[in-house]
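I have placed the structure first, in the form of structure tokens, so that the comments after it can refer back to it.
The values are calculated or read from the model by the stated rules, or taken from the named source; none is laboratory data. Computed from a predicted model, the values in this text were never measured in an experiment. Here the Cβ positions follow ideal geometry from the backbone for every residue, glycine too, while neighbour counts run over all protein chains shown. Only protein heavy atoms, including side chains, enter the accessible area calculation; ligands, DNA and RNA are left aside. Shrake-Rupley method; radii C 1.70, N 1.55, O 1.52, S 1.80 Å.
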Amino acid sequence: MMVSLALLMLGALAAVVAPRLLSRADWPEREPVVALWVWQCIVAAVLLSFALSMTLSAAAAWQLVRGHVFASAPNGVVEAYALGAGEPWSAVLAVSLACGGLWTGAMLAREIRRSRLLRRRRRAELLVRSPLMPGEAPGSEPLVVLEGERPDAWWLPGAAPQLVITTAALRRLEGRRLDAVLAHEQGHAQARHDWLLHCSAALANGFPQIPVFAAFRDEMHRLVELAADDVASRRFGRLTIALALVELNEERGVFGPCPTPDAELPHRVNRLLAPVPRLTPARRLRLTAAAALVPVVPLLVAFVPGLRALG
């Protein structure tokens, strides 16, 4: 029972402390791809801690579950976990965490269903505004040009992602700036950023009181844009993509004094125009390796008593 409580406390501690530590760090904006990886590892560690705590609590509360979890384990291993202590609390904890797990699955299923419906609706609207030519299959063209007075460009995720750009954007952007915008959107499609956004939204909507999930959602929206900016800037230069972002969005009021839903755009442009040196490859490697070890911590906490019993 003590191990399951330790795992529960470990998950809660990570859920509270990790967002604060990352918010104080200055390197995520310099290395958004590494920051995306770190956030995924932290959230995985939190979920894994709760899942292992639920499993051991259920094993302590019910003999049937214990028989399945420790089916091939020696008696010494079972005794090392002290599963007979605190059975009433074990049942309450196991049921609570199981309900949380089911709710997480339900939220993820709802988010997947919602995203599919939204994608179908947007593709239907796209077909209305840009009808198919005779013999052309839906989704066969990776680039779609729409008539529109507002300069805009976006990507439609799916099995065959499509880049959509309006004629106003084609008139406003020229040469390398247009190529930079397309490279930005291709960066989203190639990295499958839509999956990160959907998973983070499902967790944040399902558990709005848990700070790590709300921060995970907000940071995913911010970091995927920074990562796509970096993809475009490496191919066409920071000044090129910065000017392209300004030209695409200058009529929306995002660069004015009043806050807008796209308030991050001025910050993104400033980041591109005044770049900070990237981390060294060695430090990027250390951060990546350290983040990969974070989900290992709850596994060690869960398995150490059994390993000690085995000598």
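For segment 177-240, take the convex hull of the Cα atoms, compute a quarter of its surface area, and give me that in nm², please.
4.3 nm²
Under a 10 Å cutoff between Cα atoms, tell me which one of Val43, Val231, Val276 has the largest fluctuation in the Gaussian network model of the chain.
Highest fluctuation among the options: Val276.
Between His221 and Ala44, 0.36 nm times their residue separation minus their Cα-Cα distance comes to what?
Difference between extended and current length: 61.9 nm.
Hey, in the GNM for the chain with a 10 angstrom Cα cutoff, which one of Ala201, Ala153, Ala124 fluctuates hardest?
Ala124
Cα atoms only, segment 1-117: Rg and Dmax in Å?
Considering segment 1-117 through its Cα atoms, Rg and Dmax are 17.8, 53 Å.
Please check: in the Gaussian network model of the chain (C-alpha springs, under 10 Å), which one of Arg235, Arg286, Arg110 has the largest mean-square fluctuation.
Its mean-square fluctuation being the largest, the pick is Arg286.
Just subtract the alpha-carbon distance of Arg120 and Trp62 from 0.36 nm times their residue separation and send over the number in nm, one decimal.
Here the answer is 16.3 nm.
Report the convex hull volume per residue for segment 163-311, counting only C-alpha atoms, in Å³.
So the per-residue hull volume is 163 Å³.
Please give, to one decimal in nm, the separation of the simple spin-label points placed at Val128 and Phe70, each 7 Å out from Cα toward the Cβ.
Going by the 7 Å Cα→Cβ label model, 6.2 nm.
Report the label-to-label distance for Arg110 and Val296 in nanometres (one decimal), using points 7 Å from each Cα along the Cα→Cβ vector.
Label at Arg110, label at Val296, 3.7 nm between them.
Would you please calculate the Kirkwood hydrodynamic radius of the chain over all C-alpha pairs and express it in Å, rounded to one decimal?
The answer is 22.5 Å.
Note down the nm distance, to one decimal, between modelled labels 7 Å out along Cα→Cβ at Trp103 and at Thr280.
Placing both labels 7 Å along Cα→Cβ, they lie 4.6 nm apart.
Counting only GluC sites (Glu not before Pro) that are in a DSSP loop and have at most 16 other C-beta atoms within 10 Å, tell me the longest site-free stretch of the chain.
With GluC sites (Glu not before Pro) excluded where exposed in loops, the chain gives 175-311 as its longest stretch.
Would you work out what percent of the accessible area of the chain, with all protein chains in place, is carbon or sulfur (probe 1.4 Å)?
After summing per-atom areas, the C and S share lands at 64 percent.
Among bridges DSSP assigns within the chain, what percent are antiparallel (round to 5)?
If I count the DSSP bridges inside the chain, around 50 percent turn out antiparallel.
Just the number please: accessible area per residue for the chain, 1.4 Å probe, all protein chains included, in Å².
Computed with neighbouring chains in place, this is 55 Å² per residue.
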